[in-house]
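Reading through the C-alpha cells given below for one structure.
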2 protein chains.
Amino acid sequence: MSIEIVAIGNEVLAGMILNCNATYLSEKLEDEGWQIHRHTVLPDDPGSITLGLQEALNRSLFVINTGGLGPMIDDITLPCAENIFDQTPQTIHNLVGSSSGFLFRSTHKTLILLPGVPQEMESIFEQSVMPFLRPPFPIENKRFQKTTYFSLIKELDIDPFIRNLKARYPKIDCGIYPGFGVLPLKLRSYDQALLEQVDLQIEREFKAHIFHSKSGKLEEAIQDWFISHKKTLACAESCTGGSLASHLTAIAGSSDYFLGSLVTYSNELKCRLLGVSSETLCSKGAVSEEAVMEMVEGLLKVTKADWGIAVSGIAGPGGGTPENPVGTIWYAIGEKGQKPIAGTLFARGTRQMIILQTVNKVLGLLWKRLSHS
Amino acid sequence: MSIEIVAIGNEVLAGMILNCNATYLSEKLEDEGWQIHRHTVLPDDPGSITLGLQEALNRSLFVINTGGLGPMIDDITLPCAENIFDQTPQTIHNLVGSSSGFLFRSTHKTLILLPGVPQEMESIFEQSVMPFLRPPFPIENKRFQKTTYFSLIKELDIDPFIRNLKARYPKIDCGIYPGFGVLPLKLRSYDQALLEQVDLQIEREFKAHIFHSKSGKLEEAIQDWFISHKKTLACAESCTGGSLASHLTAIAGSSDYFLGSLVTYSNELKCRLLGVSSETLCSKGAVSEEAVMEMVEGLLKVTKADWGIAVSGIAGPGGGTPENPVGTIWYAIGEKGQKPIAGTLFARGTRQMIILQTVNKVLGLLWKRLSHS
C-alpha cells in the first residue's frame, strides 16, 4: 500500500528546520509494510496547500499531512482540507497533549492532518493513527524486512556484493544507506524464507563488519556488551568535546555501565585531571600517540573503569599544521590491567562532520575490540 | 524568483536519513533572496523520478535536484533528466572532491543535478552553482531580511505581537519557528528602512529575551561573551551526559574559553572528581539543589574556571519517582568568588528531547546571567 507524506511550513522551506516529522512517519510506516511514495513540503499559503494536497490525493489513496494546525496565524491547513473534501473532519483526539489531529475520508481517499510539533504529532500518530491504519486497511501481502548494520567499511566496498545480490534475487529489494561510520543495509521481500537465506549469506560475507542492535546504533551494541559482561566504561575526550559521551548516554540504561567522561578540552585539564605530563604535551603535542596513551592510562586510574577510550585531534576549521592537518585524530583504547592500544584516523569535512565521523569510527573500533575480546 | 528542491532517495523516503540537503540549499538560497516554492522527495525509480522532475519544472523555472548521481546501481537521475530535456548536460566540475554536478537548460527552464552526499553537494553548490545563480539571473528587487533570536520564552507569548505586526505592516513578511529553547523570528521585506524600524520595535518589546549571534545559537552568544570578557567556563554534567559540552564545543574557537566538562554520570565519579559528599547523595539524592551546588563548587575548585555550570536530572525513560518524575532537572550556575545560584526546571518528551531541552534552557539561563552581570 502506498502513502504520501506532506508537510506544511515556511520554516522548513526556508531551511530553518529539518523535516524530521517526515522521517519519523516514514520509518514507522515502513516498519508496518507501507511504501512511502513521496514527501512534499509546501509553503504556508492557502493556494499552495490546496494544490499540493490535491496533487498528493490524486496520486495516492492515503496522505498524511503535518503542520499548520496550531493556534498561530499561519496555521491554515484545516480550512484548505475542508475545501478539498467539502466536509468537516473527524477529530483525532490526543490522549496526552492538548492539540488534536483530523481525519478526512471520501470513497477512495483518506487524508490525515497532524500537528507540526514533533512531540504532539508523534503521540497522536502512535496512539490513534497507527492502530487506525492497521485493521481497516489490512496489508494483504505482508512484506518482511531485515536491516543489517555495518561498521568500519565503505559503501563502495559493499556495492559489488549488493549488485550481485540484486541480479541473483530479483524478489529481494535491497538498499544501502550512506551514513557517518555506520551503514545500514535494508532487505525487503514478500518471501520470508528467501529473505532469511540471503541475510545468512550477508552475515557470512561481512562477519567482521556486522554488529547487532535494536536501534542500529553502535552505542547500543556497545552498551549491550558492557551490561552483559558486567564491565564499566569511561572516556577522556578532547576534540570530540563531549560528543562521544553524549552518544553513549543517549541510550536509555547507559548509567548501568557508563561511568562518565572527562572532557579535557584545555591542556591544563589534561594534566590536572588525567595526569598527562606537560613534557609530553610540549614535546609531542596534545594530538599524539603519547598524549592519548597517557590520557587513557590516567582515565582508567582516576575513574577505576574496566575499559577506557581517549580521543584527541584537530576538529578544525583552525588549528591544523603541516604535520597534523585538520581532521587528524589520535585515539587509544585501554582495558584495566592491559597495555592500551593507540591508533590514528583521518576525518574530513566541516568541524561538525569531523566530530561525528570521529565518534562513529572510535565507537566502531571499540566495538570491534570488544567483540573480539 | 522561485525555485524548487527535489531529492532522490529511497533512504530518505524510508525514514533512514533526514533530507538535510534540502535544508542546507534552502537556507543558502533564501539568504540570496530566492523563494523556495516546494521540497519534494522521490523514490529511486525512473518513472517516479521523471514524473516528479517534470512536475517541478512545470511549476518552477529553476529546479535543483540532489541524489541519485553516484556510482551505485540505484543512481539513475542523470538518464531521467536527459530524457526530459532530450540533451546531454553541461558538467559542473567539483574543484575539491571527485563527483560532479550537471546542468540542463532549455529556453525557460533550468535543472541542476547535484550529488546526494552532503559534503560533495555543498562544495559543488558553493563553488559553482551559487555564483552561477547570481549574475545571469539577477534578483531585481532585493529582499532584505533580519533574524532575531529569542531565548527562555514560548512561541505563544510572542504570537500576539506577531499578529499585530502582520496587521500593521503588510509589507513585512514575518515568521517564527518553533525549536527547543531558541525561537528564531525572521523578518523579510523589500523595504529596508521599514524592516529596520520594525526590528527596533521588536528589540524594545522583548529586550530581556533577545540574544545576538551569527549562527543564531546561544552557545555562540555565550562564546562571544566569554572571549570578549576574557573569562573561562567549565561544566559538570550528569543527565545531559556530555551534550552540554558538545553543544559548546561545536562552535569553532571554543577552546579559547571552554576548559572542559566533567561528565560524572556515576555517583562515585561525582564524589571522586567533584568532591560531592556521599551524605548529600544519600540524603538528598543526585537530583537535588544540594547536589548541583556541591557539583558546581567542586567544579570551580578542580578546573579553576571563572564560571561553571552543573546539571543533574532524570532524562528517563526510567528512574523517575513520585517526588522527582522523569524530566526533573536541577542546575547550578557558579562564578568564581560568588555564591552559586541553583534552580530547577522540567523538561518533557523522550529522553533525547529532555536532554536537548535541558541543554538549551541551561544555556539560556547562563546567557541571561552573563548578559546581566
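Descriptive notes on the structure:
- Checking each residue in segment B:158-188 for being part of a helix (DSSP H, G or I) and out of contact with any Phe, Trp or Tyr (no Cβ under 9 Å at 6 or more places or on another chain) picks out B:ASP159, B:PRO160, B:ILE162, B:ARG163, B:ASN164, B:LEU165, B:LYS166, B:ALA167, B:ARG168.
- Restricting segment B:280-299 to residues that are buried (at least 22 other Cβ atoms within 10 Å of the Cβ) and more than 13 Å from chain A (Cβ to nearest Cβ), the residue that is nearest to B:GLN223 (Cα to Cα): B:VAL296
- Unique residue being more than 30 Å from B:ILE158 (Cβ to Cβ) and of a type in the set (A, V, I, L, M, F, W, C) when the list is A:LEU53, A:LEU25, A:LEU57: A:LEU57
- Here A:ILE333 fulfils each of the conditions (1) touching a Leu at 6+ places or on another chain (Cβ under 8 Å); (2) modelled with pLDDT under 95; (3) not in a helix (DSSP H, G or I) apart from (2).
- Residue check for A:SER26: facing another protein chain (nearest Cβ under 7 Å), buried (at least 18 other Cβ atoms within 10 Å of the Cβ) and at pLDDT 85 or above: yes
- Flag for B:LEU262 being within 17 Å of A:ALA234 (Cβ to Cβ) and hydrophobic (A, V, I, L, M, F, W, C): yes
- A residue that is surrounded by fewer than 22 Cβ atoms within 10 Å (Cβ to Cβ), more than 13 Å from chain A (Cβ to nearest Cβ) and at pLDDT below 95 can be found somewhere in segment B:311-321.
- The selection criterion, being at the interface with chain B (Cβ under 7 Å from one of its Cβ atoms), more than 21 Å from B:LEU29 (Cβ to Cβ) and at pLDDT below 95, does not hold for A:ILE17.
- Within segment A:1-54, the set of residues being aliphatic (A, V, I, L, M) and assigned to a helix (DSSP H, G or I) comprises A:VAL12, A:LEU13, A:ALA22, A:LEU25, A:LEU29, A:ILE49, A:LEU51, A:LEU53.
- Residue check, A:THR264 among the hydroxyl-bearing types (Ser, Thr, Tyr) and in contact with a helix residue (DSSP H, G or I) (Cβ under 7 Å, 6 or more places away or on another chain): yes
- Evaluation of A:GLY334 against (1) closer than 22 Å to A:GLY260 by Cβ; (2) within 12 Å of chain B (Cβ to nearest Cβ) (one fails), failing number: (2)
- Test result for B:LYS166, away from chain A (no Cβ under 11 Å), of a type outside the set (S, T, N, Q) and surrounded by fewer than 17 Cβ atoms within 10 Å (Cβ to Cβ): no
- For A:ILE49: the one exception among (1) surrounded by 24 or more Cβ atoms within 10 Å (Cβ to Cβ); (2) facing chain B (nearest Cβ under 10 Å); (3) of a type outside the set (Asp, Glu): (2)
- Hey, A:LEU273 assigned by TED's automatic domain parsing to the domain that holds A:LEU233, touching a residue at least 60 places away in the same chain (Cβ under 8 Å), within 21 Å of B:LEU299 (Cα to Cα) and in contact with a strand residue (DSSP E or B) (Cβ under 7 Å, 6 or more places away or on another chain) or not: no
- Hits in segment A:208-257 (condition: small (Gly, Ala, Ser), surrounded by 17 or more Cβ atoms within 10 Å (Cβ to Cβ), modelled with pLDDT of 95 or more and more than 15 Å from B:HIS247 (Cα to Cα)): A:ALA221, A:ALA234, A:ALA236, A:ALA252, A:SER254, A:SER255
- Matching residues in segment B:74-90 - criterion: being assigned to a loop (DSSP other than H, G, I, E, B), free of Cβ contacts under 8 Å to residues at least 40 places away in the same chain and surrounded by 18 or more Cβ atoms within 10 Å (Cβ to Cβ): B:PRO89
- Flag for B:SER213 being farther than 30 Å from B:SER373 by Cβ and of a type in the set (Gly, Ala, Ser): no
- If you go through segment A:221-238 and keep only what is within 13 Å of another protein chain (Cβ to nearest Cβ) and of a type in the set (Asp, Glu), you end up with just A:GLU237.
- Answer from B:LEU69, B:LEU57 - the residue that is touching a residue at least 12 places away in the same chain (Cβ under 8 Å) and assigned to a loop (DSSP other than H, G, I, E, B): B:LEU69
- Options A:THR328, A:THR344, A:THR321, A:THR350: the member that is free of Cβ contacts under 8 Å to residues at least 12 places away in the same chain and hydroxyl-bearing (Ser, Thr, Tyr): A:THR321
- Residues within segment B:29-46 that are farther than 22 Å from B:VAL129 by Cβ and at the interface with another protein chain (Cβ under 9 Å from one of its Cβ atoms), tallied: 2
- Criterion applied to B:GLY241, B:GLY216, B:GLY260 was being within 11 Å of chain A (Cβ to nearest Cβ), under 18 Å from B:GLU335 (Cα atoms), among the small types (Gly, Ala, Ser) and touching a residue at least 40 places away in the same chain (Cβ under 8 Å), and the one residue passing it is B:GLY260.
- Long-range neighbours under 9 Å by Cβ, at least six apart or interchain, first residue in a strand (DSSP E or B) within segment B:189-207, second of a type in the set (D, E, K, R): B:SER189/B:ARG143; B:SER189/B:LYS146; B:SER189/B:LYS171; B:SER189/B:ASP173
- Count of segment B:104-119 residues which are without any contact (Cβ under 8 Å) to a residue 40 or more places away in the chain and not in a loop (DSSP other than H, G, I, E, B): 3
The values are calculated or read from the model by the stated rules, or taken from the named source; none is laboratory data. Given the structure is predicted, the values throughout are model-derived calculations rather than measurements. Every residue, glycine as well, gets a Cβ built from its backbone with ideal geometry; the counts of neighbours run over all protein chains shown.
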